[in-house]
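Each value in this text was obtained by applying a stated rule to the coordinates, not by laboratory testing. Keep in mind it's a predicted model, so treat the numbers as computed, not measured. Positions of Cβ are generated from backbone atoms using ideal geometry, with glycine treated the same way; all protein chains shown enter the neighbour counts.
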Amino acid sequence: MTMETISLGFLVKDGRDFLPLAYKNLAKIADEIIIAIEKNDSGIDQALEIATYDDRVKVLLVNESEKSVNFLIKNCTKDWIIIINAGDIFSDTYYLIRDYIDNYSNYDAFTIKKNKFVYHLGLLDAKESEEICIFKNKGIYFENFNSTTEDIVSPIRADTVWSIKDVEIFSLDGAKNLRDYMQIYYKNLTNNNKPLLDDLKNKIITGAYLTKPNQKELPLILKEYFKL
């Protein structure tokens, strides 16, 4: 059985903080990695550094005359396309994506739930957002499409779609200062206030509050990043 190939496309906007983390998290299943980045973006140095040691990586400046997602699609050459933001971190079960693509290639697309960290009342909450798609490369572009991956909620002209339940995405696009927050949290941690701060951490970092969008553990790569 011939293995299907995967193009991984990163949309980078102010990607300095999380691009290396997102790349490290998902690069193992990709055959080609396209980093589309705006000119003078703060993440361009990180993107170019990644390209120096990974020959699968191409760093391209986004063509301002067209939508960045379509720009990525046009530059993806493999059988399947995954387009994500530079702050999207996959759960530790990300490797299952390759299994789905190889074993269920009769499907046109797969969707994955994305949990997004956002600012709310001065704190960071985690809430569910739309699903993103992994779709077959048919050279089909998106119409009436904004520049962010949150708008990829359904694949274009995909007749058969499988919702992957055992893989999740944690989006850090709205959490630029999250690591600073965690450092403050641990600096203030004492035996007396540990129960209170643990509860606060659970609410803010893992989303373990009334709506509980994130029932699963954070990915190991995020635990290492936040020193959890």
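Efficiency by 1/(1 + (r/R0)^6): what FRET value for ASP45 and ASP159, r their Cβ-Cβ distance, R0 = 41 Å, to the nearest 0.05? E between ASP45 and ASP159, to the nearest 0.05, is 0.45. Amide H contacts of PHE170 (H built 1.01 Å from N, in plane; Pro and chain starts excluded): ILE89, PHE90, SER91, ASN115 sit under 5 Å, all sequence-distant by 5 or more or on other chains. Karplus-based coupling profile of the range 36-51, in residue order and whole Hz: 9, 9, 6, 4, 6, 5, 5, x, 5, 5, 5, 4, 5, 5, 4, 5, with θ = phi - 60° in 6.51 cos²θ - 1.76 cosθ + 1.60 and x standing for Gly or Pro. For LEU60 and ARG98, what is the calculated FRET efficiency with R₀ set at 22 Å and r taken between the beta-carbons, to the nearest 0.05? That pair, LEU60 with ARG98, gives E of 0.35.
Between ASN137 and LEU220, the contour length at 0.36 nm per residue exceeds the Cα-Cα span by 26.8 nm.
In plain terms, the residue of ASP159, ASP54, ASP17 with the fewest other Cβ atoms within 10 Å comes first and the most crowded comes last, giving ASP159, ASP54, ASP17.
On full extension of the chain, what length is gained from ASP31 through ASN188, given 0.36 nm per residue of separation minus the C-alpha to C-alpha distance?
On the way: separation 157, 0.36 × 157 = 56.52 nm, distance 4.40 nm.
That pair, ASP31 and ASN188, stretches by 52.1 nm at full extension.
When the listed pairs LYS74/LYS113; LYS13/LYS74; LYS39/LYS78 are checked against a 22 Å cut-off, the alpha-carbon distance exceeds it for LYS74/LYS113; LYS39/LYS78.
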